[in-house]
Amino acid sequence: MTPTDASRFRVGFVTGATPDKWARAWRDRSRTPLDLVPVTEDEQAGALNELDMVIVRLPIDRDDVHRVRLYDELPVAVFAADHYLAAADELTTADLADEQLVRPHPSGWRPTADQLDWPPMDEKDAIETVAAGTGVVIVPMSVARLHHRKDTAYRVVTDLDPTTVALVWRIDRDDDDTQAFVGITRGRTANTSR
């Protein structure tokens, strides 16, 4: 990523987020060119040093930002398509108590079964691992859909909290373009005033 270019408006978005509808509205209303920049969850906080705004998954460890909640994502367990869990319509953490998590869940929840030490891996690698029939990974539904494979299945885990997706920007970057993009994400039309 390069430092913010004043002639362009740069919005990062975390894996699985879909900023397209907001980008279309921006392009219809603004003369400032918009760049959408993909970032990982690990990069999202630091990306705010280089981008104008970032669509993130909360929590984000920064005090120098404004936050606007956009939506919540349901947590899903992803596993091999032939896994017995695929027979259920939805799951609870009790259903996953004997499973191996190939990637820790951000909430800190762990199955009761002894867990193996897995190397760190991103969402795509974790889903590839579970596709081979080794363990389960819990991710937001949008991530499961993004990396869906024919050899995997996923089900909502009903007793885990959803993940919140939010739009964040630095407090010192609160200008007209920033407020215009916030307005678009909040559903304001071109004729709506704040």
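On the basis of being over 18 Å from A17 (Cα atoms), surrounded by 16 or more Cβ atoms within 10 Å (Cβ to Cβ) and outside the structural domain of T15 (by TED's automatic domain parsing), does V102 make the cut?
Yes; evaluated as a whole, the condition is true for this residue.
What residue, of G108, G187, G133, is touching a His at 6+ places or on another chain (Cβ under 9 Å), surrounded by fewer than 18 Cβ atoms within 10 Å (Cβ to Cβ) and in a loop (DSSP other than H, G, I, E, B)?
Just a single option satisfies the conditions, and that option is G133.
Test of understanding: among L70, L51, which residue is among the hydrophobic types (A, V, I, L, M, F, W, C) and outside any loop (DSSP other than H, G, I, E, B)?
Only one candidate qualifies: L70.
Please determine whether any residue of the range 151-170 is loosely packed, with under 12 Cβ neighbours inside 10 Å and out of contact with any Ser or Thr (no Cβ under 7 Å at 6 or more places or on another chain).
Within the range 151-170, not a single residue is loosely packed, with under 12 Cβ neighbours inside 10 Å and out of contact with any Ser or Thr (no Cβ under 7 Å at 6 or more places or on another chain).
The values are calculated or read from the model by the stated rules, or taken from the named source; none is laboratory data. Computed from a predicted model, the values in this text were never measured in an experiment. Positions of Cβ are backbone-derived with ideal geometry, glycine not excepted, and every protein chain shown enters the neighbour counts.
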